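Report on the following structure.
The values are calculated or read from the model by the stated rules, or taken from the named source; none is laboratory data. Owing to the predicted nature of the structure, the values given are computational and were not obtained by experimental measurement. Because the Cβ atoms are built from the backbone with ideal geometry, glycine has one as well, and the counts that use them run over all protein chains shown. What goes into the accessible areas is simple: the full protein's heavy atoms, side chains included, and nothing from ligands, DNA or RNA. Shrake-Rupley method; radii C 1.70, N 1.55, O 1.52, S 1.80 Å.
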Amino acid sequence: MTLTTVNANKIDAALDRLHEEGRYRTFIDIERRKGQFPSAVWRREDGTEQDITVWCGNDYLGMGQHPVVVSAMQEALEATGAGSGGTRNISGTTVYHKRLEAELADLHCKEAALLFTSAYIANDATLSTLPKLLPGLIIYSDELNHASMIEGIRRNGGAKRIFRHNDLDHLRALLEADDPDAPKLIAFESIYSMDGDFGPIEAICDLADEFNALTYIDEVHAVGMYGPRGGGVAERDGLVDRIDIINGTLAKAYGVMGGYIAASAKMCDAIRSYAPGFIFTTSLPPAVAAGAAASVAHLKTDQARRDAHQLAARILKTRLKGLGLPIIDHGSHIVPVIVGDPVHTKMLSDMLLEDHGIYVQPINFPTVPRGTERLRFTPSPVHEPKMIDGLVKAMDALWSHCALNRQDLAG
């Protein structure tokens, strides 16, 4: 079946709107080279190549190329082959999957953990399934929760309440307004990735205790990087035992792929048994599970890497602030620079890449509100001082250029 002319025109119009608004997303072809991250090679469409430094990756700690991880994956690949061969229920559960789930349960001091192909699927599948397990469940969701949480809550068919971002008074008012006997769950994040701010975990747990609500935290941008063993902000703050369900990823600080929840054995068993997003999905390849398990185990003891990560983030924020750039700084490792216009955000991104070999993708609506378009830098422990110097000098020169360009357009 082919598109009709009318439908083709509608699709063209939708794509044209993105181009006109400066929000069209382009992929660049980069080649990561083992042991050299964050250095990479950009392969242009004309076939030429340029050495670049990746400043927007989610491999926050450089674990994607760590010898411990690569070795574990190579050994598992040689032992088992490429794929898992099926869903977890049908031939897709191996010793590597069980080992990884045990590592994750131990990381979060929970009875069990359950693997998914991504943290997006883990959020979506879990939050969409919970009302089947707890009839009448009301979910209270922070307005800035990740799209995967929003989608899971939207699809579950149950009651939902949206509270203003980190607004405890609003959350309390919503809780007070509902039937005290109805089952409740508060869903929020430990670190919100666009601004890098922290959720008020302890205060939310206090409200959950007061109103007999379950707690669900997304620690995607914190696992591996915060806490004495990398268990996230909840571990750092000594609050793990007050969180009922923890969502995390293996694709950011751990440098591999996959997502998970950690919770009670009964909760994990129920999600495993009822969530279509788990039941009907082919499981992670054994080699991926092996690499992730090695990464989780390693980072439980590598505090030096976490410390170096935080230091790199502080240095970059301090130097960019020194240039007078509009940095958002909530004390996390995420470094957003607000540009405030999609066209100029894309212009900055393009010039950084083409003229300075610095790769940072523009972040536009709907990921962030209109007028808050930004470049989001993610320094790592393996970004060397000379790389930071190069970024700061480039931003100093290009920011002035784009400021003049904005004035020209306004005139």
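List the residues, sorted by chain then number, that are 5 or more residues from Thr282 or on another chain and whose placed amide H is less than 5 Å from its amide H.
For Thr282, whose amide H was placed from the backbone, there are no distant partners under 5 Å.
To the nearest 0.05, what FRET efficiency results for Asn9 and Thr367 with a Förster distance of 22 Å applied to their C-beta separation?
Efficiency, from the Cβ-Cβ distance: 0.20.
Restricting things to alpha carbons, tell me how big the stretch 147-275 is in terms of Rg and Dmax, in Å.
14.7, 43
Which one of Pro228, Pro326, Pro180 has the biggest mean-square fluctuation once the chain is modelled by GNM with Cα springs under 10 Å?
It is Pro180.
How large is ³J(HN,Hα), in whole Hz, for each residue of the stretch 10-24 in order, when computed from phi with the Karplus curve 6.51 cos²θ - 1.76 cosθ + 1.60 and θ = phi - 60°, using x for Gly and Pro?
Working through the residues one at a time gives 5, 5, 4, 5, 5, 5, 4, 4, 5, 5, 5, 7, x, 10, 5 Hz.
Kindly identify the stretch 280-328 as rounded, prolate or oblate by the Cα gyration tensor criterion: order the square roots of the eigenvalues as a ≥ b ≥ c, call it rounded if a/c is under 1.5, otherwise compare a/b with b/c, prolate if a/b is larger, else oblate.
Oblate, because a/c is 1.5 or more while a/b does not exceed b/c.
Using Cα-Cα distances under 8 Å and only pairs 6 or more residues apart, what relative contact order does the chain have, in percent?
That works out to 21 percent.
Report the residue, chosen from Ser193, Ser400, Ser128, that carries the largest GNM mean-square fluctuation when the chain is represented by alpha-carbon nodes joined by springs under 10 Å.
Greatest mean-square fluctuation among the candidates belongs to Ser400.
I'd like the per residue volume of the convex hull spanned by the Cα atoms of the stretch 58-118, given in cubic angstrom.
113
Report the semi-axes of the equivalent ellipsoid for the chain in whole Å, largest first, where each axis is √(5λ) for an eigenvalue λ of the Cα gyration tensor.
34, 27, 23
Placing +1 on the Cβ of each Lys and Arg and -1 on the Cβ of each Asp and Glu in the chain, which of Asn247, Leu104, Ala397 has its Cα farthest towards the positive end of the resulting dipole?
With unit charges placed on the Cβ atoms, the residue in question is Leu104.
Could you check how much of the accessible area of the chain is carbon and sulfur, as a whole percent, using a 1.4 Å probe?
Exposed carbon and sulfur together represent 53 percent of the surface.
Please work out whether the stretch 1-147 counts as rounded, prolate or oblate from its C-alpha gyration tensor, where a ≥ b ≥ c are the square roots of the eigenvalues and a/c under 1.5 means rounded, while otherwise a/b larger than b/c means prolate and anything else oblate?
Here the stretch 1-147 falls in the oblate category.
At 222 nm, what helix-only mean residue ellipticity would the chain give, in deg cm²/dmol to the nearest 500, using -39500 (n - 2.57) for each DSSP H run of four or more?
Rounded to the nearest 500, it is -14000 deg cm²/dmol.
Between Ala147 and Ala82, what is 0.36 nm times their sequence separation minus the Cα-Cα distance? Round to one decimal in nm.
20.3 nm
With a Förster radius of 60 Å, plug the Cβ-Cβ distance of Asp16 and Glu210 into 1/(1 + (r/R0)^6) and report the FRET value to the nearest 0.05.
0.70
For the stretch 107-200, what class follows from the C-alpha gyration tensor (a ≥ b ≥ c being the square roots of its eigenvalues): rounded when a/c is under 1.5, otherwise prolate if a/b is larger than b/c, else oblate?
oblate
³J(HN,Hα) across the stretch 124-131 via Karplus (A = 6.51, B = -1.76, C = 1.60, θ = phi - 60°), whole Hz, x for Gly/Pro?
4, 5, 5, 5, 7, 8, 3, x
Express as a percent, rounded to the nearest 5, the fraction of DSSP beta bridges in the stretch 123-204 (both residues included) that run antiparallel.
So the antiparallel bridges in the stretch 123-204 amount to around 20 percent.
Quick one: if you stick a label point 7 Å off each Cα along the C-beta vector at Val95 and Thr26, how many nm between them?
Between Val95 and Thr26, the label points sit 4.9 nm apart.
How large is ³J(HN,Hα), in whole Hz, for each residue of the stretch 354-368 in order, when computed from phi with the Karplus curve 6.51 cos²θ - 1.76 cosθ + 1.60 and θ = phi - 60°, using x for Gly and Pro?
6, 9, 10, x, 10, 9, 9, 7, x, 10, 10, 4, x, 4, 10
When the chain is fully extended, how far beyond the present Cα-Cα distance does Asp355 get from His330, taking 0.36 nm per residue of separation?
Using 0.36 nm per residue and subtracting the Cα-Cα distance, I get 6.0 nm.
So how strong a dipole does the chain carry about its Cα centre when Lys and Arg Cβ are +1 and Asp and Glu Cβ are -1, to the nearest 20 debye?
540
Once you charge only the Cβ atoms, +1 for Lys and Arg and -1 for Asp and Glu, what is the size of the charge dipole of the stretch 37-137 about its Cα centre, to the nearest 20 debye?
Its charge dipole is roughly 460 debye.
Mind checking the per residue accessible area of the chain for me, 1.4 Å probe, whole number of Å²?
Normalised by residue count, the accessible surface of the chain is 44 Å².
Calculate the spin-label point distance for Ser264 paired with Glu49, positioning each point 7 Å from the Cα along the beta-carbon direction, and give it in nanometres.
The answer from the label model is 5.5 nm.
Find the relative contact order for the stretch 238-356 and round it to a whole percent, using C-alpha pairs within less than 8 Å whose residues are 6+ positions apart.
For the stretch 238-356, the relative contact order is 14 percent.
Have a look at Gln65, Gln36, Gln310 and tell me which one the Gaussian network model of the chain (Cα, springs below 10 Å) gives the largest fluctuation.
Answer for the Gaussian network model of the chain: Gln36.
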